[in-house]
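Here's the structure, in structure tokens; my notes come after.
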Amino acid sequence: MELMSNLFRILVVAVLFQQVLRAELPALCDRTNTFQVSLPEGSITGESSLREHTIVWHPEKKKYYLLADVIPLASDDHPNTYNTEIHLFSSLDLADWRYHGVAIRKGTAADDFDRYGVASPVAATLVDGVIYCPYSARKTRQYTGRSAGLAWSGADPEQIPWNKSGQPVSDLPGEDDDVALISRAGDDRFHLYHRTTGADGYQIVYRASKNPRDKASWSQAIPVAAPPEMVRAQELTGAVFVDGLFHLFIIEHFHKGSAQIAHVVSQQPAGPFRAFHKNQRYLEPEDQPRNIIYSGHITPVVRQGKWDAFFWTTSQQGKRYGLTGHPVRHNP
């Protein structure tokens, strides 16, 4: 009888352990509490959509700062982020957002590497009171020659526009896009990830630097988070360091079927990356809002080293789309 009782306890623990393993982080969100960011008709920008985005907690300002692609519905390229700029918002609580204006402007000179738009701020980071935000720079009217640029705030992020690098910080042979920058306490390096295309197809690459504003300081790009064979293309859409792990969220497009978001992690910035949960590479449909658009563009929010919230790109009204978020549930 005692043996059977012990076996039963072991079975219960094993089942609970499997349930914990299968619980994706977005599933831990409080769905009863919803945040919305939108630019409806009558907004200072005109009715506009918001696409790729990043949110940074600033402990000195006690505010969240949101940097996002803003695409006016009046743009000939809507819903795409071509010839657009990156705008700044702030919030005390993730629920109410104040619009500040354009933080990262596109170039103005004919030969500027970002003359035809700045976009795709996957992940910004805060170091010594300065927010560093990488972006995809569009060099030509045909939106080719894309590279990774870098912008940074002053001591007051709301003083805009921000400073920018005079040249790309990463410019590989293919098209560079979907750019993320991560820092971690006790590490003097900045960790850069972005999607690139080329002879080897779509890849997520990694570079590191102790002086991110200097292009020559960046290490050689190496591919990380290689996709499974059934994947034809990748988009990096979220990146963060938390709980001792580098987390990447990658939209993966299959040769057949709809795209899904992979969640992969590594203890080391250059990998190897593995599925966050064993045998479960992708988020489940119930982990995300039903009205996600363009595969979701998920953004994790971290505050003081803890998971805080998740935001997604979602459809809103008519052709307009924007952001929907939920806070992460924390056990008392």
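The combined condition, being in contact (Cβ under 8 Å) with a residue 40 or more places away in the chain, open to solvent by 10 Å² or more (accessible area, probe 1.4 Å), farther than 25 Å from LYS62 by Cβ and of a type in the set (A, V, I, L, M, F, W, C), is fulfilled by LEU172. Here is the figure for segment 201-220: residues that are within 29 Å of THR313 (Cα to Cα) and either open to solvent by 40 Å² or more (accessible area, probe 1.4 Å) or without any contact (Cβ under 8 Å) to a residue 60 or more places away in the chain (or both) total 6.
Scanning segment 303-313 for residues that are open to solvent by less than 50 Å² (accessible area, probe 1.4 Å) and part of a strand (DSSP E or B) yields TRP307, ASP308, ALA309, PHE310, PHE311, TRP312, THR313. Taking the numbered list (1) modelled with pLDDT of 95 or more; (2) in contact with a strand residue (DSSP E or B) (Cβ under 9 Å, 6 or more places away or on another chain) in turn, GLU24 passes all entries but (1).
Of everything in segment 244-269, what is of a type in the set (Gly, Ala, Ser) and buried (at least 17 other Cβ atoms within 10 Å of the Cβ)? Give them in sequence order. The answer is ALA259, ALA262, SER266. The residues in segment 182-233 that are among the hydroxyl-bearing types (Ser, Thr, Tyr) and touching a helix residue (DSSP H, G or I) at 6+ places or on another chain (Cβ under 9 Å) can be counted, and the count is 1. Being modelled with pLDDT under 95, within 26 Å of TYR294 (Cα to Cα) and within 18 Å of the chain's Cα centre (by Cα) is true of TYR202.
Take TYR135 and decide whether it is at pLDDT 95 or above, within 18 Å of the chain's Cα centre (by Cα) and part of a strand (DSSP E or B).
yes
Could we say that VAL265 is of a type in the set (Val, Ile, Thr) and within 25 Å of SER91 (Cα to Cα) here? Show your work before the answer.
Numbers: of a type in the set (Val, Ile, Thr): yes; within 25 Å of SER91 (Cα to Cα): no.
It is false that VAL265 is of a type in the set (Val, Ile, Thr) and within 25 Å of SER91 (Cα to Cα).
Tell me, please, whether a residue that is in contact with a helix residue (DSSP H, G or I) (Cβ under 9 Å, 6 or more places away or on another chain), in a strand (DSSP E or B), at pLDDT 95 or above and within 25 Å of LEU92 (Cβ to Cβ) can be found in segment 281-302. Yes.
Consider segment 126-150 and keep the residues that are surrounded by fewer than 24 Cβ atoms within 10 Å (Cβ to Cβ) and in contact (Cβ under 8 Å) with a residue 40 or more places away in the chain. The one that is farthest from VAL301 (Cα to Cα) is TYR143. Given the condition at pLDDT 95 or above, touching a Cys at 6+ places or on another chain (Cβ under 6 Å), among the small types (Gly, Ala, Ser) and open to solvent by 10 Å² or more (accessible area, probe 1.4 Å), answer yes or no: does some residue in segment 109-122 qualify? No, every residue in segment 109-122 fails to be at pLDDT 95 or above, touching a Cys at 6+ places or on another chain (Cβ under 6 Å), among the small types (Gly, Ala, Ser) and open to solvent by 10 Å² or more (accessible area, probe 1.4 Å).
Tell me yes or no: at least one residue of segment 314-325 is modelled with pLDDT under 95, open to solvent by 10 Å² or more (accessible area, probe 1.4 Å) and not aliphatic (A, V, I, L, M). Within segment 314-325, none of the residues are modelled with pLDDT under 95, open to solvent by 10 Å² or more (accessible area, probe 1.4 Å) and not aliphatic (A, V, I, L, M).
If you go through segment 79-97 and keep only what is surrounded by fewer than 18 Cβ atoms within 10 Å (Cβ to Cβ) and not in a strand (DSSP E or B), you end up with PRO79, ASN80, TYR82, LEU92, ASP93, ALA95, ASP96.
Given the criteria of a type in the set (A, V, I, L, M, F, W, C), crowded, with 20+ Cβ neighbours inside 10 Å and assigned to a loop (DSSP other than H, G, I, E, B), does LEU67 qualify? Please lay out each step first, then the result.
Numbers: of a type in the set (A, V, I, L, M, F, W, C): yes; crowded, with 20+ Cβ neighbours inside 10 Å: yes; assigned to a loop (DSSP other than H, G, I, E, B): no.
It is false that LEU67 is of a type in the set (A, V, I, L, M, F, W, C), crowded, with 20+ Cβ neighbours inside 10 Å and assigned to a loop (DSSP other than H, G, I, E, B).
Entry remark, segment 138-178: residues being in contact with a His (Cβ under 8 Å, 6 or more places away or on another chain) and part of a strand (DSSP E or B) number 5 in total.
The values are calculated or read from the model by the stated rules, or taken from the named source; none is laboratory data. As the structure is a computational prediction, the values presented were derived from the model and not from experiment. A quick note on method: Cβ atoms are made from the backbone with ideal geometry, for glycine too, and the neighbour counts reach across all protein chains shown. We work out accessible area using only protein heavy atoms, side chains counted, and drop any ligands, DNA or RNA first. Shrake-Rupley method; radii C 1.70, N 1.55, O 1.52, S 1.80 Å.
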